[in-house]
Every structure is written in C-alpha cells, then in structure tokens.
1. Just a yes or no: is a residue in the stretch 189-207 more than 18 Å from F3 (Cα to Cα), among the aliphatic types (A, V, I, L, M), surrounded by 14 or more Cβ atoms within 10 Å (Cβ to Cβ) and at pLDDT 65 or above?
2. For the stretch 41-63, which positions are under 16 Å from the mean Cα position of the chain (by Cα) and surrounded by 15 or more Cβ atoms within 10 Å (Cβ to Cβ)?
3. Going residue by residue through the stretch 205-220, is there one that turns out to be over 29 Å from F28 (Cα atoms), free of Cβ contacts under 8 Å to residues at least 12 places away in the same chain and not in a helix (DSSP H, G or I)?
4. Under 6 Å between Cβ atoms, which residue pairs at least 6 apart in sequence (or on different chains) link something in the stretch 83-102 that is assigned by TED's automatic domain parsing to the domain that holds I21 with a partner that is modelled with pLDDT under 90 and of a type in the set (V, I, T)?
5. Considering only the stretch 1-49, give the helices (runs of 4 or more DSSP H) lying wholly within it that have at least 3 residues that are among the small types (G, A, S) and farther than 27 Å from W77 by Cα.
6. Under 6 Å between Cβ atoms, at least 6 apart or on separate chains: pull out the pairs that start in the stretch 1-17 with a residue that is in contact (Cβ under 8 Å) with a residue 60 or more places away in the chain and in the same structural domain as L91 (by TED's automatic domain parsing) and end on any residue that is of a type in the set (F, W, Y) and buried (at least 20 other Cβ atoms within 10 Å of the Cβ).
7. N83 passes all but one of (1) out of contact with any helix residue (DSSP H, G or I) (no Cβ under 7 Å at 6 or more places or on another chain); (2) assigned to a helix (DSSP H, G or I); which number fails?
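The values are calculated or read from the model by the stated rules, or taken from the named source; none is laboratory data. Everything numeric here is computed off the predicted structure, so don't read it as measured data. Backbone-built Cβ (ideal geometry, glycine too); neighbour counts: all protein chains shown.
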Amino acid sequence: MLFLFSLLIAAAFSVFCGKAIRKHPVPFYLAAAVLSIGTAILANSRIPEIPVFVQQNIIALFTKGILAAAFWAVIMWTGALPNGSSLMKKLMPQRGQLSIFAAILTLGHVIGLGISMLPRWLKKADALNLTVCIVLVLIMLPLTVISVQKIRRKMKARTWKSAQRWAYLFYALIPVHVIALNIAKARSGRKDVLLSLMLYLVVFLGYAVCRIHKWYVIKKKPERLIGLKCASWAAFLTGIAVFTAAAFPQKQAETARSAEIAVQEESSFSEAPVTDAAAVSVPAQTSAAETVTAAVTVSTETDTTEAAAVTAAETEEHTEQPEEPAASADSTAETEQPAQPEPAEEAPQAADPQSARRYQDGTFTASAYGYDGNITVHVTIQDDRITDITAGTEESDDSYFNDAKSAVIPAIIRSQAADVDACSGATYSSNGIMTAVRAALESARI
C-alpha cells in the first residue's frame, strides 16, 4: 500500500516541516526537483544494479506520482477542515508552499510518465488517459505560478480566489487519472490494486463530502444540515459500492479463471506421456497380451518350418559332396577349428535415467523486474520439457506486457530455452519474462 505510506510521509512532512518550508521554500523546491527528475531518469535508464525493492518502493513513489498525490491529498484536506481547528491553523499558513512542492513532484511524474506512457497511449489511442493528463497539467501550471508569494501579492484577492476554484476540478481529476491507469488490473483480479483504488476513492470522495459539508455550514443553513449529511454519506458509500462491483466482479472472474485452469490442466495431461503402468486399463492390458501371444505363436511356427528346410538342405549337401583328399585334412581341420573367443569386455553400466535429467517435474515460480514493475511466471515442467508458462505483471501498463507475453512465451516453449528474441516495442517486458523463466528453470534443476 504505497499510497497509504505516502500519506503518512506527506502528513508528517506538512506538520513537522511546515515552518521550515514557509520560511525557506527554495531549498525544498530544489530538493523536490532533484528527487523527481532524478528518479525519472533512473527509471528510464534501466540500470540493472538498482535493487528491485528500491525500484518498486522508493523510485516508484516519485515516477508513479504516488507521493505527489499524497501531498495533494493533504493540501486539499487542509481546506476541508473546520475553520478555527488547531490542525487547520497549523497547516494553512504553508499551504501555498506545499502546493508548489507537490507541483514540482508532479512535474517529475509527468516527465517519467510521458517518456514511458505517451508512445503507448498514442499507439493504443487511449484518449481518456491522454486527455485527463493534459487537463491536469494545464490546470496545475498556472495555479502553481500564482501560488508564488511575490506573484500572489500583485493579484487582487478576488481574482486570486476565482482562479483557485479551478483546483476543485484538479482534485476531482486526480482519482480519475489513477483509476484510468489501474482499472484493468483491478478487473483482472489484482486485489492489491483494488485496495489501493479503494483507498484513493475514500480519500478523495471523503474530501468531497467534507468540503460540501463545510460550504453548507458557511452558508448558515443548519436546519438542513442533517439531511445534507445523510445524503452526502449515502452518495459516498454508494459510489464506493458501485466502483467495487464494476472494478472487481468476483464471481465472474473466479468462474472464468476456474474454467481456464481446468482447460489448461486437461490440455497438459493430454499432452504428457503416460509413464505409470497403473494408468493403463485392464482391458487394454489383456488385448495387448493376446496380441503378443498370437505373434509369438506365428513366429514359432515360421521358425520351425525354416529350421526343417535348412536341415534338409544340409543333409542333401553332405550327401552329394565328394570326399576331399587326406592331405588337406589337417588344413580343413585347422580351418574348421573354432577360434578361441577373446575375453569379452565389461559392458558399460546403463546410465540412470534420473541422473540424466536436468529438471524436476512440477510448476516453478519466479519473478523479475519488467518495465516499471515485477513480472511473475509459473513454468510447468514434465519429463524434462517445458509444457506450459503463465505470466502476470505489476507494471503500470500491461498492454505492452501482453504483446511481449504473446510472442515470447510461445517462442520459449518451442525452443525449450529461456533466451529467445524479444518482442519489438516491448523489450523491457520481454526481458523481464525471459529473466523470470530463467530463474524458474534454475530453481527446478535437479
């Protein structure tokens, strides 16, 4: 749950570093720029020496915009807190500086995301993601500029507040952007992704409810406050329930998956050679025995006939052959004397079939880092052959992973080797699949 972890970091930073960033904002802005741009460069440089844990849990906080979204959540919730509350008094003075800090983190995410995702979106014609990202950037940039204190002081208060109302649309589009990126994974059965999306919805929809409630209180209409609370929270819970049903249809997903697994198992069993004698049915054994008996009988009769014919021919040959001179008797005896058999060499011991095998039978699992997430493979081995490979990914966009999977996995099964040609346009995902298969084969070695 990286978003929950990021929320804790953003909240702690806002509380304990609020005075420092308000008095000396420039060092914090530079640090945010170095972290966001540096992690974007690292993520796209594909340095193999970087541990997977660092890539998934530290670099991903910046490149995937998770930490930036957490800071935006703290900023917007600051405006939803009750006026005069101690927490609002503590956070509100540095809200502008925190907004600029979060915007710089977001720009790093935009750079990293743009390098990796924009070519995919253009190729796959993903208009929703592209449109949402463009609108978010167009809203964020001017709001960030007018949040600078020198520029803000030169603006009229009413003009500045009117411009800041666009922030509500910005806050609303953040969960839309997150859901658009991850909804396919949630629908495929990734419970961790579904829980993350649920947390995003709780944070952002909960803010909407509290912000509307605060606006209503400011309008001084307490007589309708109870009805508004009930309607707001009912809408909040309904939205969560509808999203859960739409994002994760459990029964349909489980039924389809069970059917797919059953088909794969049936296919693998039909392809595997039968090596166990107990698997052969009794009628088949009886039929085979009768066939062998008949064949032996016919072969015996044929051999008996041939032996009789050879005996008759030899008798006739000895009868008609003239007697040789006595002088050649010694040479004949010498010729007919059987040669002494040479001592037979010891036959080499038959190799143990088990020792000649390279892999154990069974299904072996391994993971490797793909483009921006782990790829996990399950390799099934039967009689020293790869019979099946299934794979899943934690990458932010699985469209290129699917292209790599459809090309690389059949090639590995055909060649019975982990090193095959990578899929064009999905090199990182292809290499991740091959690396994971290689690790699974190593774990299966006898």
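1. no
2. Those that are under 16 Å from the mean Cα position of the chain (by Cα) and surrounded by 15 or more Cβ atoms within 10 Å (Cβ to Cβ): Q55, Q56, A60.
3. Yes - at least one qualifying residue is present in the stretch 205-220.
4. none
5. Where helices (runs of 4 or more DSSP H) fall fully within the stretch 1-49 and carry at least 3 residues being among the small types (G, A, S) and farther than 27 Å from W77 by Cα, they are 25-45.
6. What qualifies is A10/F71.
7. Going through the list (1) out of contact with any helix residue (DSSP H, G or I) (no Cβ under 7 Å at 6 or more places or on another chain); (2) assigned to a helix (DSSP H, G or I), N83 breaks only (2).
Listed here are the residues, each with its yes/no results for (1) of a type in the set (S, T, Y); (2) without any contact (Cβ under 8 Å) to a residue 40 or more places away in the chain.
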| site | (1), (2) |
| --- | --- |
| D361 | no, yes |
| T380 | yes, no |
| A391 | no, no |
| A411 | no, yes |
| T427 | yes, yes |
| I433 | no, no |
| A436 | no, no |
